[in-house]
Amino acid sequence: MVFSCPQFRLIHATEPGLEAFYRIIWNAHVPEWSDLPEAQRWLCMQAVAVVEQAMRDVLAPRKINIASLGNHVPHLHWHVIARFDWDGYFPAPVWAQPHTAPEQLPQDKVAHVRSLRTALEEQMLAQLTPLAEAAAASQPQH
């Protein structure tokens, strides 16, 4: 777990060959993004933007893939995946058959991305924390 607040959590997904694969999981059970009230839709997409921007700033990937699938388990979550021209799927989607096995990827590049994970997640936390705090402050008090 990278980050958690009442509305959502951010996890680093362990996907062989994809070192910077994160999921933003909405805590309330809703199948679609449009099921959320407007303020929560805004918060959800701000969280996605924070994760994407942190990846761009820290990792400088070739591309960022963002997807909301959840066909098997209809629970709102977003995949945010940094893509590199050396990853085992590029330029195909990460759900395609890989053309290169994880152990055959350039290990220096894999190690470099891994070495940046702490800095990446620190930047994510630094921006998600005030975002979640602002959302909590805007909620009506009971």
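Rolling a 1.4 Å sphere over the protein heavy atoms, what is the accessible area per residue of the chain, to the nearest Å²? Before the final figure, lay out each step's value.
Working: 8030 Å² over 142 residues.
Spelled out: the 1.4 Å probe surface of the chain, per residue, equals 57 Å².
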Checklist outcome for this item: The answer for the chain, counting only DSSP H helices whose Cα atoms cover 24 angstrom or more along the axis and whose Kyte-Doolittle average is 0.0 or greater, is 38-59, 117-137
Checklist entry - For the pair Leu69 and Glu133, what calculated FRET efficiency results from E = 1/(1 + (r/R0)^6), where r is the Cβ-Cβ distance and R0 = 35 Å, to the nearest 0.05? => result 0.75
Next on the checklist: If I take R0 = 35 Å and measure r between the Cβ atoms of Ala60 and His99 in this structure, what FRET efficiency does the formula 1/(1 + (r/R0)^6) give, to the nearest 0.05?
Outcome noted: 0.95
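Roughly to the nearest percent, how much of the accessible area of the chain is carbon and sulfur, given a 1.4 Å probe?
Details: 4290 of 8030 Å².
Percent of accessible area from carbon and sulfur atoms in the chain: 53.
Output the relative contact order of the chain, whole-number percent, from Cα pairs under 8 angstrom with separation of 6+ residues. Spell out each step's value before the answer.
Numbers: 189 pairs, mean separation 36.3, N = 142.
Worked out over the chain, it gives 26 percent.
What's the ranking of 3-16, 75-88 by average number of surrounding C-beta atoms within 10 Å, highest first? Don't skip to the end; give the middle numbers.
On the way: 3-16: 16.1, 75-88: 20.4.
In descending order of packing, they fall as 75-88, 3-16.
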Item to check | Phe3 long-range amide H proximity, modeled H, under 5 Å | outcome: Leu10
Checklist entry - Considering the zone a paramagnetic label at Asp108 would reach in this model (a point 7 Å from Cα along the Cα-to-Cβ line), which residues of the stretch 51-67 have amide N under 20 Å from it? => result 59-62
Item to check | Gyration tensor (Cα) of the chain, equivalent ellipsoid semi-axes in angstrom | outcome: 29, 18, 11
Checklist entry - For the peptides 107-114, 118-125, what is the packing order when you average, over each peptide's residues, the other Cβ atoms within 10 Å and list the highest mean first? => result 118-125, 107-114
Checklist entry - Tell me, what is the 1.4 Å probe accessible area of Trp33, in Å² to the nearest 10? => result 90 Å²
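The values are calculated or read from the model by the stated rules, or taken from the named source; none is laboratory data. Every value quoted in this text rests on a predicted model; they were computed, and no experiment measured them. So basically every Cβ, Gly included, is an ideal-geometry build from the backbone, and we count neighbours across all protein chains shown. Just so you know, the surface numbers come from the protein's heavy atoms only, side chains and all, with ligands and any DNA or RNA stripped out. Shrake-Rupley method; radii C 1.70, N 1.55, O 1.52, S 1.80 Å.
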